[in-house]
1. Please note which helices (runs of 4 or more DSSP H) are completely contained in segment 1-102 and include at least 2 residues that are within 15 Å of the ligand (Cβ to nearest atom) and out of contact with any helix residue (DSSP H, G or I) (no Cβ under 9 Å at 6 or more places or on another chain).
2. Which members of segment 256-292 meet the condition of being without any contact (Cβ under 8 Å) to a residue 12 or more places away in the chain and more than 22 Å from residue 234 (Cβ to Cβ)?
Ligand code: TRP
């Protein structure tokens, strides 16, 4: 007889910004893990479009990027039946709680955020208040769902730390209200580096398009980018200090095929970098092929997408409203009578 598991599954919340191209780095570093987490946890996923407008967007492109990102994440394997998957701006509680949390976040704390410092240097002509309070919106995203765990990359760790501080501060000022979230460190995942300068993270904003692979790149482009990947002057396929390019390719190949470093080294024993680069390119192409096919299908089907993101937003609204109501009541707002 099956034993029923009555224990509550842990809640995972994560989000990604719909700000253009989704790269192999986003996929292997984050999205691929999201997919596997769906069985073990109660996952909730969002497209953080409110965060995206901290940098100026062209309306038509922004709309298109958001819809494309939604379709692509479904194609990657987010199952909206299992995991509510919504567009942040559709769920009003996020902006509402973000305002409230702004009042429980110190200026000095926000000022210390390295992402704020980096982004305000990069967009010096538009250092807006939203860029500054970005972390309180992110805290709202997470705390509204009482998330236990948040998968985040290294660049978002500081924001998660701040989220924990805000949650603890609120809980001790009133009474336990928010679950204090932990970072989720994936068992497997790759920090994918640029194919042209493997000391830098792969980034879609790289002006050299050979530096990154987009999940929707054509097979011939993917193969070409891998063949041109910058490596060292050695020819032995093995991980080693200083062989950043090869280490990166081994990481990608391992993540895609599930092979260990030892297996990969054995497979390419006696072969050169050329063979290895081609093999990595081909493995990536084959892995992405079904995702690209599903994407092509979904993006044509606007009704289906609308149905998915509407249902996702309705589920998210129901969960997050419970938290927002509790918070407002504790602070002393008069409860709405309608
Ligand atoms: N700030 C994150 C990024 O740019 C995206 C994000 C928004 C997020 N809200 C979140 C990530 C909540 C995790 C949890 O990558």
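Read-outs: derived from the displayed coordinates by stated rules, not from any lab. Predicted model, so just to flag it, every value in this text is computed and none were measured. All Cβ positions, glycine included, derive from the backbone under ideal geometry; neighbour counts span all protein chains shown.
1. Values: elements: 32-40, 49-52, 59-76, 93-102.
Counting at least 2 such residues, we get 32-40.
2. Selection gives 258, 286, 290.
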